[in-house]
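These notes are about the structure you will find just below.
The values are calculated or read from the model by the stated rules, or taken from the named source; none is laboratory data. Everything numeric in this text was worked out from a predicted model, so none of it was measured. Methodologically, a virtual Cβ is constructed for each residue, glycine included, from the backbone with ideal geometry; neighbour enumeration extends over all protein chains shown.
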Amino acid sequence: MDHVLRTTTSPTQAGDWALVLASASIEHRVDEHDGRFELHVRPEDAVTANDALAAFDAEGEPEQQPPAPDVGWSPLGVQGAIAFAAMLLVTGLRANGSRWFQAGSAAAALIRHGEWWRAVTALTLHEDMAHAVLNGVAALVFFSAVGRWMGAGLGALVIVVAASLANLLAAVWHKPHIVSVGASTATFAALGIVAGLQVARRLRLRTRRGYAWVPLGAALALFAMTGVGGEGVDYQAHLAGLGVGAAVGVGWAVMVLRRGWRPLRPLLQALIGVATLAAVAGCWWLAFRRG
């Protein structure tokens, strides 16, 4: 065995190479000279041995996560913050006795008795200025991230659907007398969607799949810091928003990453966005018509 296939200064690496060749039934020998290890094989086995070691090297290389879909900068975050501010100007504050709150709040008992539209309308109401500002800032971050992934129109639709489902679940979870309002459920749904995307990307790796759940852990940490404390905070709706958003994000990402991401055309995004806005307006029409 006169052919020197590889050399290294690491005894561990030399041992790994020897194990690879042994498992492939290739005769070999490891010699050590002045702190360097030489891997010898027969000349006629050089090609086969090199292929076996190349396959071993490829398996040991760190895997790259599939790239996240990215349609570029999205106005969805800015649009969400403006929408919250505009609705606050129209509806006023809850303490002022605005009829908007009577018609559109997420009253658990009423939702259970068929007034499902309240799960949507409650997302556009805010208890006070502080909550509106906080949700506006959160929208700039999390809505924008969803918009970069899905586009503004589709992102808005998915956030509204996920947050509305979360409010419906929370109404079942709540005691009948609970009445809640606020876009926080939507911002947590957007956070869950983004975390779900990252989980789905990491689950496609062959190794270290346990790390796939790190983004969800980070999202839960944010929930623990911002979604639980404070008087009147509806943590059940926040947690439901995060959970539904994560489920939607994982499901959508698995489909997208498997089939290849093809962003929707701007016109179609705009039509979906208008349809989403019309659906929210329709829920308000139902609220005042039945109220």
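Regarding segment 235-258, can at least one residue be identified that is of a type in the set (D, E, K, R), assigned by TED's automatic domain parsing to the domain that holds Ser98 and under 30 Å from Leu220 (Cα atoms)? Checked segment 235-258: at least one residue is of a type in the set (D, E, K, R), assigned by TED's automatic domain parsing to the domain that holds Ser98 and under 30 Å from Leu220 (Cα atoms).
Just one of (1) more than 21 Å from Ala81 (Cα to Cα); (2) over 11 Å from the mean Cα position of the chain (by Cα); (3) at pLDDT below 90 fails for Thr226. It is (1).
Taking each residue of segment 141-159 that is under 14 Å from Ala195 (Cα atoms) and assigned by TED's automatic domain parsing to the domain that holds Trp252 and looking for partners that are assigned to a helix (DSSP H, G or I) and of a type in the set (Ser, Thr, Tyr) with beta-carbon atoms closer than 6 Å, six or more apart or interchain, yields Phe142/Thr187. In summary, Ser25 fulfils each of the numbered conditions (1) over 30 Å from Leu191 (Cα atoms); (2) part of a loop (DSSP other than H, G, I, E, B); (3) touching a Leu at 6+ places or on another chain (Cβ under 8 Å); (4) not β-branched (Val, Ile, Thr) with the single exception of condition (3). Collect the residues in segment 108-129 that are surrounded by fewer than 16 Cβ atoms within 10 Å (Cβ to Cβ), assigned to a helix (DSSP H, G or I) and either at pLDDT below 90 or hydrophobic (A, V, I, L, M, F, W, C) (or both), keeping them in residue-number order. Matches in segment 108-129: Ala109, Met129.
You will find that of Ala281, Ala246, the residue that is at pLDDT 90 or above and either loosely packed, with under 15 Cβ neighbours inside 10 Å or at positive phi (or both) is Ala281 and no other.
Restricted to helices (runs of 4 or more DSSP H) entirely inside segment 35-107, those with at least 2 residues that are loosely packed, with under 15 Cβ neighbours inside 10 Å and modelled with pLDDT of 90 or more are 76-91, 99-104. Filtered by the rule that a residue be in contact (Cβ under 8 Å) with a residue 60 or more places away in the chain, out of contact with any strand residue (DSSP E or B) (no Cβ under 6 Å at 6 or more places or on another chain) and surrounded by 22 or more Cβ atoms within 10 Å (Cβ to Cβ), segment 160-173 gives Ala162, Ala163, Ala166, Ala170, Ala171.
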